[in-house]
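Bear in mind these aren't lab numbers, they're just calculated from the coordinates by the rules spelled out. Predicted model only: the values in this text are computed from it and were never measured. Please note: Cβ atoms are built from the backbone with ideal geometry, for glycine as well, and neighbour counts cover all protein chains shown.
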Amino acid sequence: MRLQRPATALLIGLAVAAVTGIAANAVARSTDPLVIPITIHFSHYDPAAVTVPVGRPVTFVITNTDPIDHEWIVGDAALHERHRTGTEPVHNARPTEITIPARTERQTTVTFDAPGALQYICHLPGHEAYGMVGTVTITPGG
Ligand SMILES: [Cu+2]
């Protein structure tokens, strides 16, 4: 597990605010999204485990450094089982199911509404078996 340190989150938040035009003085409020960067490199997620509080928006900034497309799909075991046999080629309609094309960055904001543990997995053929799996631990309170 890797806890996002507040100072780091604030710096990243300011950087995001700078590029998105959000007023910087709004970033520090606790109701604003936590920002968690995830890098994809050699078909692995870094970090492969993150911890977030329940009920607070979390913006995942996912950077794919690979020359091939990847996915970041977060959910419970039943959701992943559906995706293992699914046929959707590209994901963009749900904040919990993102396609990150080769050498691009995507952002998605998710609010987890119950404590527990979920996984994020790339369901492109062979990627999960290769190790493209991570865990989100959702802690109670905030
Ligand atoms: Cu992948």
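Would you be able to say whether some residue in segment 73-95 is in contact with a Gly (Cβ under 7 Å, 6 or more places away or on another chain), touching a residue at least 12 places away in the same chain (Cβ under 8 Å) and farther than 17 Å from D46 by Cβ? So that I can check it myself, show each step before the final result.
Filtering segment 73-95 for residues in contact with a Gly (Cβ under 7 Å, 6 or more places away or on another chain) gives none.
Looking for residues that are in contact with a Gly (Cβ under 7 Å, 6 or more places away or on another chain), touching a residue at least 12 places away in the same chain (Cβ under 8 Å) and farther than 17 Å from D46 by Cβ, one finds none in segment 73-95, hence no.
Of the residues making up segment 89-106, those that are away from the ligand (no atom under 14 Å from the Cβ) and either assigned to a strand (DSSP E or B) or surrounded by 14 or more Cβ atoms within 10 Å (Cβ to Cβ) (or both) number 4. In segment 109-130, the residues that are in contact (Cβ under 8 Å) with a residue 60 or more places away in the chain form Cβ pairs under 6 Å with partners that are within 16 Å of the ligand (Cβ to nearest atom), at six or more places apart or across chains, as follows: Y120/W72; Y120/V74; Y120/G134; C122/H70; C122/E71; C122/M132; H127/S43; Y130/S43. Among the residues of segment 111-124, those identified as farther than 12 Å from D69 by Cβ, of a type in the set (A, V, I, L, M, F, W, C) and surrounded by 20 or more Cβ atoms within 10 Å (Cβ to Cβ) are F112, L118, I121. Reported count of residues in segment 42-78, each being within 16 Å of the ligand (Cβ to nearest atom) and among the aliphatic types (A, V, I, L, M), is 5.
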